[in-house]
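Report on the structure given below.
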Protein chains: 2
Amino acid sequence: MRKPIKVEEAIQSVMKWPLTGEKEFVSIENSYNRVLAEDLLATTDVPWFKRSPYDGYAIVAASTQQANSEYPIFLEVLGTIGAGFTWDAELQPHQAVKIMTGAAIPEGATAVIMVELTKEVIKDGKTYVQIKRKVKDGENIVEIGEDMQKDEVLVKKGTSINPGVMATLATFGYKTVAVMKKPTVAIIATGSELLEVDDPLEKGKIRNSNAYMLKAQILRAGGEPIYYRLVKDDFEETFLAVKQAIEQADIVITTGGVSVGDFDYIPKVYEKLGATLLFNKIAMRPGSVTSGALLNEKVIFGLSGNPSACYVGFELFVRPYLKAMLGQENIYLKKAQAILEKDFLKANPFTRFVRAKTTFDGNELHVEPVGKDKSNIVSSLIDANCFIVLPGGSRGFEKGLKVDILLIEDEGAPIWDEHITDSRLPR
Amino acid sequence: MRKPIKVEEAIQSVMKWPLTGEKEFVSIENSYNRVLAEDLLATTDVPWFKRSPYDGYAIVAASTQQANSEYPIFLEVLGTIGAGFTWDAELQPHQAVKIMTGAAIPEGATAVIMVELTKEVIKDGKTYVQIKRKVKDGENIVEIGEDMQKDEVLVKKGTSINPGVMATLATFGYKTVAVMKKPTVAIIATGSELLEVDDPLEKGKIRNSNAYMLKAQILRAGGEPIYYRLVKDDFEETFLAVKQAIEQADIVITTGGVSVGDFDYIPKVYEKLGATLLFNKIAMRPGSVTSGALLNEKVIFGLSGNPSACYVGFELFVRPYLKAMLGQENIYLKKAQAILEKDFLKANPFTRFVRAKTTFDGNELHVEPVGKDKSNIVSSLIDANCFIVLPGGSRGFEKGLKVDILLIEDEGAPIWDEHITDSRLPR
């Protein structure tokens, strides 16, 4: 008899053995969605020269001391600075230079007045800007370092490179980026019933869907899947595959062979390898026979051969371990709460992870189980975007209850909600 | 003077011109996160043979007619069927075959009794299974097609290939998969102030961060970015770049040059190209000068050169257009509601999209603006995982209000919430 442990204990026992990931360098071009291996520092102040936030006129603020709407002042416009250009002379009182958004403030200028507040007039072949109010020193000047300061840590290592981080890398000239190597994850699918995806069907056999599912889960979590092979329900074959995989990969996943059936060799494989068993029974459904073992400081995850149990086992145990190796912070599935839309009355002493779909009605999240909730049913994984978590020891859960959910898929919305930007247009 | 239109009108005007995406074939190995170009059909029933859902004994149910706990019956066990194997003889009444989970039910058997409910006994060198209750016909037999029926549409085209879809593809032997070609998106960054990422800094100039940000946004949305080049604020150069891009790419994005400054050539480029202007002012901040134009039935998106405005413009307008081309359903950003954690008192006639971070306290979503909310500030894009949408025409929004948010980044949770699976372990 195996003794079940709690889900959180199983997670903890795996997370005690964090592998430290390695670093590699990639071009910024190939860095999207990779994980920063070093803090991203500002290599300069931003802006690193004083710049104008608007189209306007760079002026010496003191020249506008007397200006008001009745007695506007006129400053001579010496020229225009486009973005990317500089003005070589020092600006003197009573002079102005037209300046475009983003352009460098000329020497001597102490403020910018927005173009909308001015008027250009031409007199005796010279151009003047008319100003009707007093401008303060420093007005509309973006100071050096106002956005970011040199050597400031902008993004912590372990952050995955999203569009904002990409923009920051480009701003600071990171042509190559130090990122975490993707942890390699070996997949060994065990079971004499398994066929490869391009094998013709034979009676009693099914195609190996778990390995492909796991590949996608590994990619989604940021790892590098290595599909080892199918192994028959044969002790020696399974033993050799796991032994080889643990030498080559950072993480090893087996599917199947973990139960107490006559051909479930994984427990014996752990034994012969000299691996330390971390757990072999978890108080959860599906996947109660999920096991974990430790060998050479690497974790072997023995997932169930049932697709849903395999899926859940990966998301609960392998995902955080893999993401921790990447140095990430948000390694667990995100929790939310949703209103249960259907009675779920099966009693169970174990915590249930029910594949489900959550939808937002504009106000609250709702959730409904998908497919036929049997652990051997692949189809229920297609539409699931969350798990409903139903703690064990209850008689079931009724429609209308608020339940915890764990989010597994990010999705958009099918229509643009036009009320969201319901502004009255200015005339 | 340009006339601003509402955000939803701008979206509609772009979505009136949907390009039809093309199809290509990829290996299942490379299909993760691609979009199905055809409905995914079940090529067989699943299961396509009757199978056992548990470890147990295949029997003829009628043989157990008289069994009860006082008078158990004994059936002779002829052998064992492992998963992947078949039993050649037809099972007769009063016979049993031990059967493993997933194995094919032998001919003649009409039920399976779970191993936990039985006991094996050996008598005169023969093995018998003891059964203490009546078993019903069909009990514990997974019928042909119980999970999925042949020719059933399992996944609709336009669905992106997640781990569940991947498992389904493998189950049905799809070694190659028809997916949508990634729409090509040309990026032309305009501005004489722009340097390439590996250029040394020069006074008045900044590195081109928008193009890299857009690359990441395009990848995230499922497109194929083509970085054209930087163009100076020069009419002819800009014109030629856009002309060439529209011939080669499905979608063209320009950044910068859309305002009314002296060097904003995009409006004139549209004119010379003979493009139809869809809009050149939107009642939103940032990004009010975002423009759209139509040429040869392709849309040109004229995004602002300010990083935040550029970012928002992509997510609101380009993303749904690109995803519609992929045939996807959920093309818009997902909406949620969250409690505003800080006063936001700037009045504005236009709808504001405020870069913000939302967090879930286990009960409700909360949201807070990030960074310094200026449109030229890259750093505020790093931490943002949503936009707060604040409809225009209001005096501002107070802390504690429920506001709409649009989700832009999917994230996990930093800790495993141990209360979520708070089950009492069975003893």
Strands (runs of 3 or more DSSP E) lying entirely in the stretch B:143-199 (those with 2 or more residues that are open to solvent by less than 40 Å² (accessible area, probe 1.4 Å), more than 7 Å from chain A (Cβ to nearest Cβ) and not β-branched (V, I, T)): B:176-180, B:184-190
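Residues checked against (1) buried (at least 22 other Cβ atoms within 10 Å of the Cβ); (2) under 25 Å from A:Y32 (Cβ atoms); (3) away from chain A (no Cβ under 12 Å):
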| position | (1), (2), (3) |
| --- | --- |
| B:Y212 | yes, yes, no |
| B:V252 | yes, yes, yes |
| B:V258 | yes, no, no |
| B:Y270 | yes, no, yes |
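Listed here are the residues, each with its yes/no results for (1) without any contact (Cβ under 8 Å) to a residue 24 or more places away in the chain; (2) out of contact with any Phe, Trp or Tyr (no Cβ under 8 Å at 6 or more places or on another chain); (3) over 28 Å from A:A249 (Cα atoms).
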| residue | (1), (2), (3) |
| --- | --- |
| A:E22 | no, yes, no |
| A:E29 | yes, yes, no |
| A:V35 | no, yes, no |
| A:I73 | no, yes, yes |
| A:D88 | yes, yes, yes |
| A:A96 | no, no, yes |
| A:A109 | no, yes, yes |
Please verify whether B:I187 is among the hydrophobic types (A, V, I, L, M, F, W, C) and free of Cβ contacts under 8 Å to residues at least 24 places away in the same chain, treating the condition exactly as stated. no
What pairs come out if I take residues in the stretch A:386-403 that are facing chain B (nearest Cβ under 9 Å) and of a type in the set (S, T, N, Q) and pair them with residues that are in a strand (DSSP E or B) and open to solvent by less than 40 Å² (accessible area, probe 1.4 Å) whose C-beta lies under 9 Å away, six or more apart or interchain? A:S394/A:N348
Residues of the stretch B:111-127 being free of Cβ contacts under 8 Å to residues at least 60 places away in the same chain and crowded, with 20+ Cβ neighbours inside 10 Å, which ones? B:A111, B:I113
Of (1) under 26 Å from B:D383 (Cβ atoms); (2) modelled with pLDDT of 75 or more; (3) within 8 Å of another protein chain (Cβ to nearest Cβ); (4) open to solvent by less than 40 Å² (accessible area, probe 1.4 Å), A:T421 satisfies every one except (2)
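Within the bounds of the stretch B:229-241, is there any residue that is in contact (Cβ under 8 Å) with a residue 12 or more places away in the chain and small (G, A, S)? If you could, list the steps in order and put the result at the bottom.
Here is the first cut: in the stretch B:229-241, the ones in contact (Cβ under 8 Å) with a residue 12 or more places away in the chain are B:229-235, B:238-239, B:241.
Narrowing further to those that are small (G, A, S): B:241.
Yes, because at least one residue in the stretch B:229-241 is in contact (Cβ under 8 Å) with a residue 12 or more places away in the chain and small (G, A, S).
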Within the stretch B:363-376, identify whether any single residue is modelled with pLDDT under 85 and hydrophobic (A, V, I, L, M, F, W, C), and answer yes or no. no
Looking only at the stretch A:93-112, which residues are over 14 Å from A:T80 (Cα atoms) and hydrophobic (A, V, I, L, M, F, W, C)? A:A111
Kindly indicate the residue of the stretch A:323-341 that is aliphatic (A, V, I, L, M) and either open to solvent by 40 Å² or more (accessible area, probe 1.4 Å) or part of a loop (DSSP other than H, G, I, E, B) (or both) and also farthest from the other protein chains (Cβ to nearest Cβ) among those meeting that condition. A:L326
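So for the stretch B:60-73 (the condition being out of contact with any helix residue (DSSP H, G or I) (no Cβ under 8 Å at 6 or more places or on another chain) and under 30 Å from A:G305 (Cα atoms)), does at least one residue qualify?
Of the stretch B:60-73, the ones out of contact with any helix residue (DSSP H, G or I) (no Cβ under 8 Å at 6 or more places or on another chain) are B:60-72.
Adding the requirement that they be under 30 Å from A:G305 (Cα atoms) leaves B:60-61.
Yes, the stretch B:60-73 contains a residue that is out of contact with any helix residue (DSSP H, G or I) (no Cβ under 8 Å at 6 or more places or on another chain) and under 30 Å from A:G305 (Cα atoms).
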Note on the stretch B:296-322: residues within 15 Å of B:P18 (Cβ to Cβ) and in a helix (DSSP H, G or I) are B:F317, B:V318, B:R319, B:P320, B:Y321, B:L322
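Please tell me if B:L295 is surrounded by fewer than 21 Cβ atoms within 10 Å (Cβ to Cβ), under 30 Å from B:F360 (Cβ atoms), of a type outside the set (D, E, K, R) and out of contact with any strand residue (DSSP E or B) (no Cβ under 7 Å at 6 or more places or on another chain).
Numbers: surrounded by fewer than 21 Cβ atoms within 10 Å (Cβ to Cβ): yes; under 30 Å from B:F360 (Cβ atoms): no; of a type outside the set (D, E, K, R): yes; out of contact with any strand residue (DSSP E or B) (no Cβ under 7 Å at 6 or more places or on another chain): yes.
The answer is no for B:L295.
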Quick one: would you say A:K134 is assigned to a strand (DSSP E or B), away from chain B (no Cβ under 14 Å) and either surrounded by fewer than 14 Cβ atoms within 10 Å (Cβ to Cβ) or out of contact with any Phe, Trp or Tyr (no Cβ under 9 Å at 6 or more places or on another chain) (or both)? no
Here are the criteria: (1) under 30 Å from B:I161 (Cα atoms); (2) more than 23 Å from the chain's Cα centre (by Cα); (3) surrounded by 15 or more Cβ atoms within 10 Å (Cβ to Cβ); (4) of a type outside the set (G, A, S). Tell me which single one B:K16 does not satisfy. (3)
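How many of the residues in the stretch B:311-322 are more than 20 Å from the chain's Cα centre (by Cα) and open to solvent by 10 Å² or more (accessible area, probe 1.4 Å)? Talk me through it step by step, then tell me what you get.
Looking only at the stretch B:311-322, we keep the residues that are more than 20 Å from the chain's Cα centre (by Cα), and these are B:313.
Okay, now just the ones that are also open to solvent by 10 Å² or more (accessible area, probe 1.4 Å), so none.
Going through the stretch B:311-322 one residue at a time, the tally reaches 0.
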Checking the conditions here, which among A:L406, A:L381 is at pLDDT 70 or above, at the interface with chain B (Cβ under 9 Å from one of its Cβ atoms), in a strand (DSSP E or B) and within 21 Å of A:L303 (Cβ to Cβ)? A:L406
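Within the group B:D383, B:D361, which residue is under 26 Å from A:S160 (Cβ atoms), free of Cβ contacts under 8 Å to residues at least 40 places away in the same chain and either buried (at least 23 other Cβ atoms within 10 Å of the Cβ) or out of contact with any strand residue (DSSP E or B) (no Cβ under 8 Å at 6 or more places or on another chain) (or both)?
Values: B:D383 fails: either buried (at least 23 other Cβ atoms within 10 Å of the Cβ) or out of contact with any strand residue (DSSP E or B) (no Cβ under 8 Å at 6 or more places or on another chain) (or both).
Only one candidate passes the filter, namely B:D361.
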What number of residues within the stretch B:214-241 are open to solvent by 40 Å² or more (accessible area, probe 1.4 Å), at pLDDT 95 or above and part of a strand (DSSP E or B)? 2
Within the stretch B:190-213, work out how many residues are touching a Ser or Thr at 6+ places or on another chain (Cβ under 7 Å) and in contact (Cβ under 8 Å) with a residue 60 or more places away in the chain. 3
Checked the stretch A:120-131 for anything among the hydroxyl-bearing types (S, T, Y) and more than 14 Å from chain B (Cβ to nearest Cβ); matches are A:Y128
With respect to B:P307, determine if the residue is surrounded by fewer than 24 Cβ atoms within 10 Å (Cβ to Cβ) and within 12 Å of another protein chain (Cβ to nearest Cβ). no
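The values are calculated or read from the model by the stated rules, or taken from the named source; none is laboratory data. These numbers come from a predicted model, not from an experiment. Neighbour counts are summed over all protein chains in view; Cβ atoms, including those assigned to glycine, are modelled from backbone coordinates with ideal geometry. Just the protein is used for accessible areas: all its heavy atoms, side chains included, with ligands, DNA and RNA removed. Shrake-Rupley method; radii C 1.70, N 1.55, O 1.52, S 1.80 Å.
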